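Please read the structure below before turning to the comments.
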Amino acid sequence: MALYGECGFDSTTVADIAERAGLTERTFFRHFPDKREVLFDGAGLLQELLVTTVADAPESLSPLDAVGAGLYAVGEMLQERREFSRQRQAIIAASAELRERELIKLASLSAALADTVRRRGVPEPDASLTAEAGIAVFRIAFERWVQETNGRELPELMRDSLDHLRAVTSET
C-alpha cells in the first residue's frame, strides 16, 4: 500500500513490492497472481461472510432484509480498517485498470449473493434484483464511509443507504 501511495500503481512493480516486503518475487507469486490482487486480498472472506450471513438469516426476513443483515456483518468486519480502506480506494480511483477490476469483483459478489438469495427460495428476476440492489447499497455506503470525516460507522451508513433505497422504491 505504501509503495502504491508513493509511486502510483502503474509505476510499482512486483519486484518493488517483494523487495519492500523482504520477499522474493517467487514468494510474492505464491500468494498473489498479480500486483492488482494485493488490493483485493480478502475479497473471498468478504464474500463468504456476506453469503453465509444471508443464507443463515431467519426465513421470516424479506429478501432485502436478509441481504441487509449480510451488509451489516460486512460493515462490522470492515469498520476496523477505515484508514486502510481510504488508502486503498484512493489507489483504485487513480487507476482505470483497478476500477475495472473492482467492478469485476463486485459483479462476482453480486452473482454469489443472487445465488444465495435464490437458495432462500426467491425466484428470478427478484433474486438478481435484490442482489444488485444490495451491491448498490454496499457501494454507496462504502464510498460515503471512506470520504466522510465525521466518524460515522460503516454499518450505520449501510442501514442509512438501505433506508434510502426503501424510501425511493416505495414512492408511487
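For the reader, a short list of remarks on this structure follows.
- Helix 126-147 vs. the chain, principal-axis angle (Cα, 0 to 90°, nearest 10): 50
- For a paramagnetic label modelled on residue 96 (point 7 Å from Cα along Cα→Cβ), amide N atoms under 20 Å away belong, within the stretch 1-45, to 8-12, 35-37.
- Sparsely packed loop sites in the stretch 59-138 (the GluC sites (Glu not before Pro) outside DSSP H, G, I, E and B with at most 15 other Cβ atoms within 10 Å) comprise 59, 80.
- Relative to the current alpha-carbon distance between residue 60 and residue 126, full extension at 0.36 nm per residue lengthens the span by 22.1 nm.
- Residue with peak Gaussian network fluctuation, the chain [Cα springs, cutoff 10 Å], from 68, 121, 22: 22
- Degrees between helix 63-79 axis and first principal axis of the chain (Cα, 0 to 90, nearest 10): 30
- Each part gets one Cα centre, and for the stretch 122-165 versus the stretch 14-72 those centres are 18 Å apart.
- Potential extension, residue 15-residue 82 segment - 0.36 nm per residue separation minus Cα distance: 21.3 nm
- Treating each Cα of the chain as an identical point scatterer and summing with the Debye formula, the log10 of I(q)/I(0) at q = 0.12, 0.16, 0.20 Å⁻¹ comes to -0.61, -0.98, -1.31.
- For the chain, calculated [θ]222 nm from helices alone, where every DSSP H run of n ≥ 4 adds -39500 (n - 2.57): -24000 deg cm²/dmol
The numbers here are math on the coordinates, done by the rules we state, and not lab data. Since this is a predicted model, take the numbers as computed values, not measurements. Backbone-built Cβ (ideal geometry, glycine too); neighbour counts: all protein chains shown.
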